[in-house]
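Remarks on the structure that follows.
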Amino acid sequence: QVQLVESGEGLVQAGGSLRLSCAASGSFFRPASMGWYRQAPGKQRELVASMSSGGSTDYADSVKGRFTISRDNAKDTVYLQMNSLKPEDTAVYFCNAQILVHHYWGQGTQVTVSS
């Protein structure tokens with residue numbers, strides 16, 4: 001059974017940084033894509049950043065230049081380095097992995113940015 005285990009949640013002041021990690025396990029296949037979504041209270045879940053196994057990346061416009069996604073294929077782990085955090089980045093962040101035709105989700109990790 002595929003599992004995604006996230007870490008790195010926290011409370012930080014505006015302008016600060018956090019790093020999220022997500023490790024996938026339980027699959028014989030390497031995830032084709034791994035990434036991060038977020039959901040703020042009362043809002044829909046949205047893509048933050050994703051990375052293919054080949055290194056192609058996709059970022060939400062709101063985080064470009066501030067967040068960096070990286071991936072260790074050998075460990076099936078994806079990272080999200082978040083710099084210059086803003087209060088509007090406050091949300092539950094979910095790790096996502098696409099393996100074959102299936103999408104898997106982590107349990108979510110809370111990121112809170114105080115003003």
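The values are calculated or read from the model by the stated rules, or taken from the named source; none is laboratory data. All of these numbers come straight from a predicted model, not from anything done at the bench. Using ideal geometry, Cβ is built from the backbone for each residue, glycine included, and neighbour counts are taken over all protein chains shown. Ligands, DNA and RNA are stripped out before the accessible areas are found, and what is left, the full protein with its side chains, is counted by its heavy atoms. Shrake-Rupley method; radii C 1.70, N 1.55, O 1.52, S 1.80 Å.
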Which condition does residue 65 not pass, out of (1) within 18 Å of residue 3 (Cβ to Cβ); (2) modelled with pLDDT of 95 or more, if it passes all the others? (1)
Return the only residue of 26, 15 being out of contact with any strand residue (DSSP E or B) (no Cβ under 8 Å at 6 or more places or on another chain) and open to solvent by 30 Å² or more (accessible area, probe 1.4 Å). 15
Just to verify a result, which residue in segment 42-56, among those that are touching a Gly at 6+ places or on another chain (Cβ under 8 Å) and in contact (Cβ under 8 Å) with a residue 40 or more places away in the chain, is least open to solvent (accessible area, probe 1.4 Å)? 48
If residue 90 meets every condition in (1) in contact with a Phe, Trp or Tyr (Cβ under 9 Å, 6 or more places away or on another chain); (2) closer than 27 Å to residue 42 by Cα apart from one, which number is that one? (1)
Please count how many residues of segment 57-74 are free of Cβ contacts under 8 Å to residues at least 12 places away in the same chain and surrounded by 13 or more Cβ atoms within 10 Å (Cβ to Cβ). 1
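Considering only segment 75-95, state which residues are within 11 Å of the chain's Cα centre (by Cα) and open to solvent by 30 Å² or more (accessible area, probe 1.4 Å).
Passing the criteria: 79, 81, 92.
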Of the numbered conditions (1) within 17 Å of residue 90 (Cβ to Cβ); (2) modelled with pLDDT of 95 or more; (3) surrounded by 14 or more Cβ atoms within 10 Å (Cβ to Cβ), residue 9 fails exactly one; give the number of that condition. (2)
